[in-house]
Amino acid sequence: MNTKLACAGLSVLLLMVLSGCGDKPVTASEGAQNSSAAVSGTGGNAGGSENSGNSGSEAASQPAAGGKDSKPEATATVDVTADEQKEETIDVYYTDDQLMNLVSSKATITYTGSKASSKYTAAFQALQTSKNAGFVPLWSKMELKSLKFENGQVVLDIHKPTEAQLGAGGESFAISALAKTLFQFEEVQSIEVLVDGEKVESLMGHVDLEHPMTRDNS
């Protein structure tokens, strides 16, 4: 009996010791401070009037997203306009139907204003057609492969089919017609004529072809 009482007493004593080693009870004031720190978000400095006041002031000075003071992001706009089409009346040169004389006729060409080479391409195409039955277009059967305009020089690359071949007189008139038609544009200082990308001595085998043609040698 005494042994049982001793064991019970020892158990009670052990429970008291373990209870004394537990967490310290949280007081009401400490709980209030912890609750304040969690709401203010000041990192545990609850009750600090300076930090709390600054946070409120900064929050008030910054406009809310989407409010009256918020400004939309700037957007870049690009004006896209179509290439301007231009018209110009020029002199185009042909021969008479007897291939005896060089004659001129007025023609209206249309080209893209932003691309310089398009004007000279249109002028060459005018050399290939004639609305006057008495005027013969000497370049009508030539095929224009490409045309470039750089530093005052027009560079034509053409293909000459067999049916485009002319005699000595026709070849001479053809070269003169090309030179007079293109040199009426003041900005054109020289003309380079290539046949299938190559410089040739003669366009049709009768007349020497200058490389390049200028206002003086043509």
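On the basis of being closer than 16 Å to Gln128 by Cβ and of a type in the set (Lys, Arg), does Lys199 make the cut?
On the way: closer than 16 Å to Gln128 by Cβ: no; of a type in the set (Lys, Arg): yes.
No; evaluated as a whole, the condition is false for this residue.
Are any of the residues in region 145-154 over 39 Å from the mean Cα position of the chain (by Cα), in a loop (DSSP other than H, G, I, E, B) and not hydroxyl-bearing (Ser, Thr, Tyr)?
no
State the number of residues belonging to region 190-218 that are over 36 Å from the mean Cα position of the chain (by Cα), over 20 Å from Tyr94 (Cα atoms) and crowded, with 19+ Cβ neighbours inside 10 Å.
Of the residues in that region, 0 qualify.
Are any residues in region 119-143 free of Cβ contacts under 8 Å to residues at least 40 places away in the same chain and touching an Asp or Glu at 6+ places or on another chain (Cβ under 9 Å), and if so, which ones?
Correct list: Ala122, Ala133, Gly134, Lys141.
State whether one or more residues within region 200-209 are out of contact with any Gly (no Cβ under 8 Å at 6 or more places or on another chain) and closer than 20 Å to Lys119 by Cα.
No: region 200-209 contains no residue that is out of contact with any Gly (no Cβ under 8 Å at 6 or more places or on another chain) and closer than 20 Å to Lys119 by Cα.
For Lys106, state whether it is under 23 Å from Glu88 (Cβ atoms) and either in contact with a Gly (Cβ under 8 Å, 6 or more places away or on another chain) or in contact (Cβ under 8 Å) with a residue 24 or more places away in the chain (or both).
Numbers: under 23 Å from Glu88 (Cβ atoms): yes; either in contact with a Gly (Cβ under 8 Å, 6 or more places away or on another chain) or in contact (Cβ under 8 Å) with a residue 24 or more places away in the chain (or both): no.
So Lys106 does not fit the description; no.
Among the residues of region 187-201, which ones are of a type in the set (Ser, Thr, Tyr) and outside any strand (DSSP E or B)?
none
Just to be sure, is Glu187 surrounded by fewer than 16 Cβ atoms within 10 Å (Cβ to Cβ), at pLDDT 95 or above and under 34 Å from the mean Cα position of the chain (by Cα)?
Criteria met by Glu187.
The values are calculated or read from the model by the stated rules, or taken from the named source; none is laboratory data. A quick note: this is a predicted structure, and the numbers were derived from the prediction, not measured. Cβ: placed from backbone, ideal geometry, glycine included. Neighbour counts: every protein chain shown.
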